[in-house]
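Read through the structure below, which is laid out as structure tokens, and then see the notes.
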Amino acid sequence: MRVIGLMSGTSYDAIDAAAADLSLAGDSLVLEPLGMVSEGYDDELRRTLAGALPPAATSLAEVCRLDTRIGQAFAAAAIRADRELCGGEAELVASHGQTVFHWAEGGKVHGTLQLGQPAWTAEATGLPVVADFRPRDIAAGGQGAPLVSLVDLLWLRGRPGTPVALNLGGIANLTAPDGTAFDTGPACALIDAAARGFSGGRLAYDADGALAGRGRVHEPLLERLLAEPYYALPAPKTTGKELFHLGYLQDALAGFGTLRAEDVVATLTMLTARTVADAVLALGATEVIASGGGTRNPVLMRMLAGLLPGIAVRTSDELGLASDAKEAYAFAVLGFLTWHGLAGTEPASTGARHASVLGSITPGRGGLRLPAPGSRRPARLVMA
């Protein structure tokens, strides 16, 4: 089955659309990557979205407009992926949408909101769309994240030692072979916030780690940041930009006087490396397989490797899965599982009471014709 996975992460810089041929073969799910295209939000939509995210105030009218405009942007990305990657023969779209709020309080997740109305994609492509993946896991008592943990478990099963999958997006998350999975804290969220804040919006992120590479870690600031209570919470746990945003950084900087932008960004980069490394070491990992936009930051990757002596740190590209596209491929897999009536969660990863079939389905132009439900979930993911 040819499936398009659509994903926009907490950095909200672009919509990634990855296409894959997926098929069941015995107890394996076979994934043949067909490639990825990326569609950036236009400047106006990006500014509007940034202005509506916590801790900013917004209105229901703005939420409605964002849901529509993000939905239209996702539809455009799906059309392009179908044309350029699938030759117009895609059969299903799996759309994660854009997370705008993840309601975590008191160590529990109470709700989540992803915008990007899937009806726009169904109408534009004529294809059925699986969307709203996270709420079902939360309703079952889970964190609703990290949902890619199931794909990581299937993909890394049978690999020697204790391989740990690491995603470095706006937020960093880990998955261990025993199913333990959690958000470690910020990956690029605070780095991006600092780059935008210090540049007056001219820079969206620290490209190639250029700012961090010219800076020095400010140890007192680092120690203050490491005192964040979230890091001491037990897994499963999840977080987001509801906590780690520009206002959070500004509060942390209070009382330090004027610090160089380069030193602040270097400190935030070390914060990500330290919190990830501490979590990796606690899991007894023998190997880290990283993906996500943060892998393109050589300073971050060097810091992380330096804190993990004797532990191999590599990217998912080396195992045949493009690091930039991994999350989009993961949601293509989750959409495929939902379409076949198979659970898309691992309770050990999210803390849910049971595994759940995820999402809601918006019918395509031909109505809704589901296949016969699968008898059991595949035990492993194999790259073709």
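One table, with the values for the structure above:
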item: Residues of the chain: accessible area per residue with a 1.4 Å probe, Å²; result: 40 Å²
item: 3J(HN,Hα) from dihedral phi, the range 136-146, Karplus parametrisation 6.51/-1.76/1.60, rounded to Hz, x for glycine, proline; result: 5, 5, 5, 4, 8, x, x, 7, x, 6, x
item: Whichever aspartates and glutamates have a C-alpha closer than 13 Å to that of Lys237, once near sequence neighbours (fewer than 8 apart) are set aside; result: Glu105, Asp183
item: Heavy-atom accessible surface of the chain: percent carbon and sulfur, 1.4 Å; result: 53 percent
item: Net charge contributed by nearby residues that have their C-beta within less than 14 Å of Glu39 (K/R +1, D/E -1); result: -3
item: Distance between the range 297-311 and the range 189-236 - C-alpha centres, whole angstrom; result: 16 Å
item: Extension reserve of the Val63-Arg196 stretch, reckoned as 0.36 nm per residue once the Cα distance is removed; result: 45.5 nm
item: Equivalent ellipsoid semi-axes, the chain, via Cα gyration tensor eigenvalues times 5, rooted, Å; result: 32, 24, 19
item: Dipole axis of the chain (+1 Lys, Arg; -1 Asp, Glu on Cβ), positive-most option in Tyr205, Ala181, Thr239; result: Ala181
item: Nearest-20 debye value, the chain charge dipole, Cβ charges on Lys, Arg, Asp, Glu; result: 360 debye
item: Protection proxy ranking of 19-29, 269-279 - average other beta-carbon atoms within 10 Å, highest first; result: 269-279, 19-29
item: Contour minus Cα-Cα distance for His354 and Glu105 (0.36 nm per residue); result: 87.5 nm
item: Equivalent ellipsoid semi-axes, the range 120-232, via Cα gyration tensor eigenvalues times 5, rooted, Å; result: 31, 23, 15
item: Net charge, Ser360 excluded, C-beta distance under 10 Å - Lys, Arg +1, Asp, Glu -1; result: 0
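The values are calculated or read from the model by the stated rules, or taken from the named source; none is laboratory data. In this text the structure is predicted, and so the values were computed from the model without any measurement. Cβ atoms come from the backbone with ideal geometry, glycine included; neighbour counts cover every protein chain shown. Just the protein is used for accessible areas: all its heavy atoms, side chains included, with ligands, DNA and RNA removed. Shrake-Rupley method; radii C 1.70, N 1.55, O 1.52, S 1.80 Å.
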